[in-house]
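Here's the structure we're looking at; comments come further down.
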Amino acid sequence: MKKVLGMAALLAGLIAIICIYQYTTTGAMAFFGPVNISNLAQRIGMLGIYSIGAGIVILSGGIDLSIGSVMGLTGVIIALCATKYGWSPWLVSLAILPLCALLGFWHSFLIGRFKLQPFIVTLSSLLLLRGLARGISGGKGITLDNASFATIGNNSFLGIPIPFIILIVLALIVGFIMNYTVYGRYLYAIGRNEEAVRYSGIKVNKIKTLAYVLCAVLAGIAGIVEFSYTGDVQPANSGLMYEMWAIAAAVLGGCSMRGGEGTMIGIIIGAALIRVMDNGINLMGIPSDWQWTVIGLVIIGGVIADEAHKQRQAKKLKA
Amino acid sequence: MADATDLKSVGATHEGSTPSSPTTIAKSMAIQETQNQPLLTMRGITKRFPGVLALNGVDLSLDKSEIVGLIGENGAGKSTLMKILEGDYAADEGKIILDGGPVTLNDVQDSIALGVALIHQELCLAPNLDVASNIFLGHEPRAGFLSVVNKKKLNADAAELAKRVGITAAMTDLVENLSPGEQQLVEIAKALSYDVRILVLDEPTSSLSPGEAEKLFEVMRKLKSEGVAMVYISHRLGEVEQMCDRAVVLRDGCRVGELDKANLKSSEMVKLMVGRDISRFFPEHAEDTAGDVVLSVRDMDYAGGKEKVCFDLKAGEILGIAGLVGSGRTELIRALFGVESKHSGDILLNDQKTEIRNTADAVRAGIGLVPEDRKELGVVLEMSVAENISLAGINTYNPPFLDRKRELEVAKEHVEALEIKTPSLSQQVQYLSGGNQQKVALSKWLSLNPKVLILDEPTRGIDVGSKSEIYKLIRGLAETGMGVIMVSSEMEEIIGLADRVMVMHEGRCMGVIGRNEASEENIMRLATGGDAK
C-alpha cells in the first residue's frame, strides 16, 4: 500500500511540475483543459487495459511478451474480415476473444506441462503472431471506415472517454478476483513461492492458466479498442512494443518482476504515470525524440527508489 | 562502532588479498607472541541490530590444535559471532586478537588473508564447475603473460589438497555430481587452499549420513594434528561431545558458560543452552493409542524406489521412517503426497482405494505433508502467518470467495494452541524463528484436521527448546487419532517418538521394527543394508 502511495505522490508531483512549467511560461494550465484531460483519460484507458494483463502475469511470477502482437493481429483480423468479406466488425471482435483465451491456454500449457520458460514461450508468440498479421494481410495497411465501430475508441459516455470506462470496469472485475477470491490469493502465493503452494495441495497450473488467459483476452480487448480508435491498422507496426509499455506500467505501479507483489490500483497509476509523462513532454515542448529517454530515466529512477526503500525496511525488520 | 577506533589496523590486511600474506603477518606478530598466549582471542564482542542486542560482551579464545564447540539455541548469537570473526559483520564493541595483536577485519578478504575460514551450513560451491576449479576458485594458479589459468598446476595442486582431506572424486568431476559429504570435503579443501589456521564449521554434518560424518571427523582430527584450530558449531550434541576439547555455550547473545572436556556431556550442554533442566525431552508415551488402519499402501512402485513397498499406518500411531540420506525416504512420501505420481500399486485410506495423482488429490483425501525444506516448500516466507496457515484450507471456507474473517479466526486459534511466538497474525513468516516457522507449517495442516500427517525431518535446524515442544505436539496429534508418519535422520528422535520404525536402504524397505526393539544398533544395521536378525 505504501508503494501505491509513493507512486501516486510521484504522479501528483509530475502533474504539478507540468502545471507550474505551463503557468510560468504561458500563464495558463493547458494540462487541466477539458480536451487535454479527455485525451489523457482515453490514452490511459487503452494502455491500462493491457497493462492489467501484463501485471497479472508478472504477479504470478511469469511474463507475457505477446501482448503487442496480439493487439496487432486483432486489428488485422477485424480489418480484413470487415473490408474483404463485409462481416460486422462487432461480431468479428466478439469471435476473436475466445481465440485469445485459447492462446492463453496454449501459453500456460507449454509453461505448466512442458516446463518451458514463460519468456521463451511468449517470445515465440510475439514473433509468430506478428508474422501471421503481416502474412495474412500481405503487409499492407488496412483502413476501416465504419462510424459505429469507431465509437468505442473515440466517443465518450457522460463525458468520460469509453476506453477509460472499459478500463475501470475491467479493473473492478480483475481487482475483485485478485482481492476477494481464493484465486487471487493463490496468484500472489504462486508468485512468491510456487513450490510451497504446490505442497499445499493447490493446482498451480490451473491458477497460472487463469493469469495467461486473462492477459491474452485483455490484450485482445485492447486490440479491438485500439483499432476502433485509429480505424487503421499497420500489420508491421500496430501494437509494436506495446508489451514493453505494459510491463513498464506494471513495474512503475509496484509489481515486482520476481512475482507475488503488486496491486490493481498500482498498475493503473503506473499506466497513468507513463501517459502523463508522454503528455507532459508534449505540453512542455520537449522534442518528441527525447520522449523515450525521459521515460526510461523515470522508470529506472522509480524502481531504484523503491528498492532502496525496501532494503531500508528489511534492515529495520531484521531481528 | 564505539570501540572501533581502538582497534589497531594490521597494515597488511589491505594489500593482503593474496594467500601469501598470512606468513608476513605472522612474522610481524611473532615478536609479540608468547608461549601461553592463545592463537585467537575475541574479547567483549558486542553487536547490536536495530531493536536487538545480538551479542553482549562475548569472549571466545582458541588455541592451536584445538577444537572448540560453539553451541546454543537458534538465535543465541553463534552465527553472528562467527560472521564477525569472518569479517562479514563489524562488531560494535570488543577486540579480536590474533597471534597476540589486535586485528581489524573489514571484509571476508581480510579474514582469509589472516588464515581464518568459515564453512557455512549451506555450502557455497559452484555446482557446475569441477572439483579442482572449486577448490581454487578466485585464486587459480596462472601462467603465461596472458595470465590464463594453468590447468595442469591447478589439477595437481587441487589433487594434493584433495588427498589431504580424503576426497575420492576425480579433480575433473563436476561438484553437482558429488554426494553431500564429498561436497563438504571440497569446501574444506577450498579453505585449506588459503593456508587456513582457523577453521569454523557451521553445522557441517546436518546433511551428511553417519558414514560421511565419520569421514569428516577423521579429516578434522587430521587437521587438528597438523595444528589447525577449529570452531565447531552443531545442534548435534553427541558430536560436540565426541569431537570437541571444550565447548562455549551462548544463550540470548550472552556467553553463559564453558564446559571443559570432563564436563562435556549432552545433559550439561542442554542445561546451559536452555537455562533449565529438560528432564523429559520426549513426551511420555501414553498407553497404546493406535486404532484402525487409516492408511494402507499396497505394492506401490514409485519414482526413486527400487522395490514395491507395502505398509499400514494406524490411526493414533506414529510411524517412523528411518534411513540414510539417499535411502528413498523422501521419494516415498513424495509419492504418497502426490508430488510425484506413483507408477503402480494402491493407496487405501480408511479401506477406500484412493487415486492420488497430484497434491490436490492427496489433500482432498486427508493427507498433509510438512516437508523437510521448510523455507522453500513448507511456508511462503514473504506471506503473513495468517495467510500461511490458511493456504491449504482457504478454499474450504467460503469458496470461491476469500473469507478473511474466518482466516483470521483459524489463524488465531492455531497461534494460541501451538503457542506460536509472533508479534501479530500479519507478521511475515520470514521474520519468525525456525521453530515458529515449523509450527506455522504444521498449523496449515492442523486447520484441515487430516487423517494422515506426514512429517519430513520435522526438527531440522530447530533449537533444543523448540524441539521438545514439537515432539510434544506430534505426540498430542497422534493421541487425537491422527496417523502420523515421521521421516527423520535423527536416531534419538525416531527412537524417542515412533511407535514403529520402518527402515529404508537404497530405495527398499528393509523391515519394520516395533517400539521395544527399536535401538540405534538395530536401526543402523537395517539402514546400512544389513539383515533384520
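The values are calculated or read from the model by the stated rules, or taken from the named source; none is laboratory data. None of these values were measured; they are calculated from a predicted model. Cβ atoms come from the backbone with ideal geometry, glycine included; neighbour counts cover every protein chain shown.
B:ARG334 - would you say it is in contact with a Leu (Cβ under 9 Å, 6 or more places away or on another chain) and buried (at least 20 other Cβ atoms within 10 Å of the Cβ)?
yes
Return the pair list, or none, for Cβ contacts closer than 6 Å from residues in the stretch A:60-86 that are under 20 Å from A:VAL251 (Cβ atoms) to residues that are β-branched (Val, Ile, Thr), at least 6 apart or on different chains.
A:SER60/A:ILE190; A:ASP64/A:VAL57; A:ASP64/A:THR122; A:LEU65/A:THR122; A:SER66/A:THR122
Restricting to the stretch B:78-98, name every residue that is crowded, with 23+ Cβ neighbours inside 10 Å and in contact with a helix residue (DSSP H, G or I) (Cβ under 6 Å, 6 or more places away or on another chain).
B:GLY87, B:ALA91
Does at least one position in the stretch B:194-208 carry a residue that is surrounded by fewer than 16 Cβ atoms within 10 Å (Cβ to Cβ) and either closer than 15 Å to B:GLN121 by Cβ or among the hydroxyl-bearing types (Ser, Thr, Tyr) (or both)?
No - not one qualifying residue is present in the stretch B:194-208.
Name the residue, out of A:GLY62, A:GLY75, that is part of a loop (DSSP other than H, G, I, E, B) and surrounded by 22 or more Cβ atoms within 10 Å (Cβ to Cβ).
A:GLY62
Could you tell me which residue of the stretch B:420-463 is nearest to B:GLU372 (Cα to Cα), considering only residues that are out of contact with any Phe, Trp or Tyr (no Cβ under 8 Å at 6 or more places or on another chain) and β-branched (Val, Ile, Thr)?
Checking each candidate, the answer is B:ILE462.
Looking at (1) closer than 21 Å to A:PHE119 by Cα; (2) not in a helix (DSSP H, G or I), which one does A:ILE56 not meet, given that it meets all the others?
Only one criterion in (1) closer than 21 Å to A:PHE119 by Cα; (2) not in a helix (DSSP H, G or I) is unmet by A:ILE56, namely (2).
Taking the options B:ASP499, B:ASP456, B:ASP531, name whichever one is of a type outside the set (A, V, I, L, M), more than 21 Å from the chain's Cα centre (by Cα) and at pLDDT 90 or above. Lay out the reasoning, then the answer.
Values: B:ASP456 fails: more than 21 Å from the chain's Cα centre (by Cα); B:ASP531 fails: at pLDDT 90 or above.
Of the residues listed, the single one that is of a type outside the set (A, V, I, L, M), more than 21 Å from the chain's Cα centre (by Cα) and at pLDDT 90 or above is B:ASP499.
Looking at B:ARG525, is it over 23 Å from B:SER234 (Cβ atoms) and in contact (Cβ under 8 Å) with a residue 40 or more places away in the chain? Give the steps one after another, and end with the answer.
Values: over 23 Å from B:SER234 (Cβ atoms): yes; in contact (Cβ under 8 Å) with a residue 40 or more places away in the chain: no.
It is false that B:ARG525 is over 23 Å from B:SER234 (Cβ atoms) and in contact (Cβ under 8 Å) with a residue 40 or more places away in the chain.
Regarding the stretch B:169-184, can at least one residue be identified that is buried (at least 21 other Cβ atoms within 10 Å of the Cβ) and touching a residue at least 60 places away in the same chain (Cβ under 8 Å)?
Checked against the condition, which is being buried (at least 21 other Cβ atoms within 10 Å of the Cβ) and touching a residue at least 60 places away in the same chain (Cβ under 8 Å), the stretch B:169-184 yields at least one hit.
Within the stretch A:172-190, is there a residue that is of a type outside the set (A, V, I, L, M, F, W, C), assigned to a loop (DSSP other than H, G, I, E, B) and within 14 Å of chain B (Cβ to nearest Cβ)?
No.
In the stretch A:191-211, which residue that is more than 7 Å from every other protein chain (Cβ to nearest Cβ) and in contact with an Asp or Glu (Cβ under 9 Å, 6 or more places away or on another chain) is nearest to B:THR396 (Cα to Cα)?
Restricting to residues being more than 7 Å from every other protein chain (Cβ to nearest Cβ) and in contact with an Asp or Glu (Cβ under 9 Å, 6 or more places away or on another chain), the top hit is A:VAL204.
Within the stretch B:355-376, which residues are under 16 Å from B:SER433 (Cα atoms) and either outside any loop (DSSP other than H, G, I, E, B) or facing chain A (nearest Cβ under 7 Å) (or both)?
B:ARG374, B:LYS375, B:GLU376, listed by residue number.
Taking the options B:LYS472, B:LYS451, B:LYS439, name whichever one is crowded, with 22+ Cβ neighbours inside 10 Å and basic (Lys, Arg).
It is B:LYS439.
Suppose we filter A:SER148, A:SER108 for residues that are of a type in the set (S, T, N, Q), more than 13 Å from chain B (Cβ to nearest Cβ) and either within 30 Å of A:THR230 (Cβ to Cβ) or not in a helix (DSSP H, G or I) (or both); which single one remains?
A:SER148
How many residues does the stretch B:496-527 contain that are buried (at least 17 other Cβ atoms within 10 Å of the Cβ), assigned to a loop (DSSP other than H, G, I, E, B) and not acidic (Asp, Glu)?
The number of residues fulfilling the criteria is 3.
Filter the stretch B:29-46 down to the residues that are at pLDDT below 90 and touching a strand residue (DSSP E or B) at 6+ places or on another chain (Cβ under 8 Å), then identify the one that is surrounded by the fewest Cβ atoms within 10 Å (Cβ to Cβ).
Filtering the stretch B:29-46 for residues that are at pLDDT below 90 and touching a strand residue (DSSP E or B) at 6+ places or on another chain (Cβ under 8 Å), the one surrounded by the fewest Cβ atoms within 10 Å (Cβ to Cβ) comes out as B:GLN32.
Checking the conditions here, which among B:VAL325, B:VAL380 is closer than 21 Å to B:ARG460 by Cα, part of a loop (DSSP other than H, G, I, E, B) and within 9 Å of another protein chain (Cβ to nearest Cβ)? Show your work before the answer.
Numbers: B:VAL325 fails: within 9 Å of another protein chain (Cβ to nearest Cβ).
The unique qualifying residue is B:VAL380.
When only residues in the stretch B:398-439 that are part of a loop (DSSP other than H, G, I, E, B) and of a type in the set (Val, Ile, Thr) count, which is farthest from the other protein chains (Cβ to nearest Cβ)?
Selected residue: B:ILE420.
Which count do you get for residues in the stretch B:340-354 that are part of a loop (DSSP other than H, G, I, E, B), under 22 Å from B:PRO371 (Cβ atoms) and either β-branched (Val, Ile, Thr) or more than 14 Å from chain A (Cβ to nearest Cβ) (or both)?
3
So how many residues does the stretch B:328-339 have that are assigned to a helix (DSSP H, G or I) and either without any contact (Cβ under 8 Å) to a residue 24 or more places away in the chain or out of contact with any Ser or Thr (no Cβ under 8 Å at 6 or more places or on another chain) (or both)?
Number satisfying all stated conditions: 7.
Give me the residue from the stretch B:348-362 that is charged (D, E, K, R) and under 16 Å from A:ASN205 (Cα atoms) and, out of that set, surrounded by the most Cβ atoms within 10 Å (Cβ to Cβ).
Among those that are charged (D, E, K, R) and under 16 Å from A:ASN205 (Cα atoms), it is B:ASP361.
Looking at B:LYS353, B:LYS314 in this structure, which one is of a type in the set (D, E, K, R), in contact with a strand residue (DSSP E or B) (Cβ under 9 Å, 6 or more places away or on another chain) and over 28 Å from B:TYR471 (Cβ atoms)?
B:LYS353
If I ask for residues that are assigned to a helix (DSSP H, G or I) and either out of contact with any helix residue (DSSP H, G or I) (no Cβ under 7 Å at 6 or more places or on another chain) or of a type outside the set (A, V, I, L, M) (or both), which ones from the stretch B:214-239 would you list? Give the derivation first.
Initial filter on the stretch B:214-239 (assigned to a helix (DSSP H, G or I)): B:214-225, B:237-239.
Within the stretch B:214-239, B:GLU214, B:LYS215, B:PHE217, B:GLU218, B:ARG221, B:LYS222, B:LEU223, B:LYS224, B:SER225, B:GLY238, B:GLU239 qualify.
Return the residue satisfying two criteria in turn: it lies in the stretch A:191-243 and is in a helix (DSSP H, G or I) and among the acidic types (Asp, Glu), and of such residues it is surrounded by the fewest Cβ atoms within 10 Å (Cβ to Cβ).
Restricting to residues being in a helix (DSSP H, G or I) and among the acidic types (Asp, Glu), the top hit is A:GLU195.
For the stretch B:388-397, which residues satisfy the criterion of being in contact with a helix residue (DSSP H, G or I) (Cβ under 7 Å, 6 or more places away or on another chain) and either facing chain A (nearest Cβ under 7 Å) or not in a loop (DSSP other than H, G, I, E, B) (or both)?
Result: B:ASN388, B:ILE389, B:SER390, B:LEU391, B:ALA392, B:ILE394, B:ASN395.
Report, by residue number, each residue of the stretch B:149-180 that is closer than 23 Å to B:GLN109 by Cβ and in a strand (DSSP E or B).
B:VAL149
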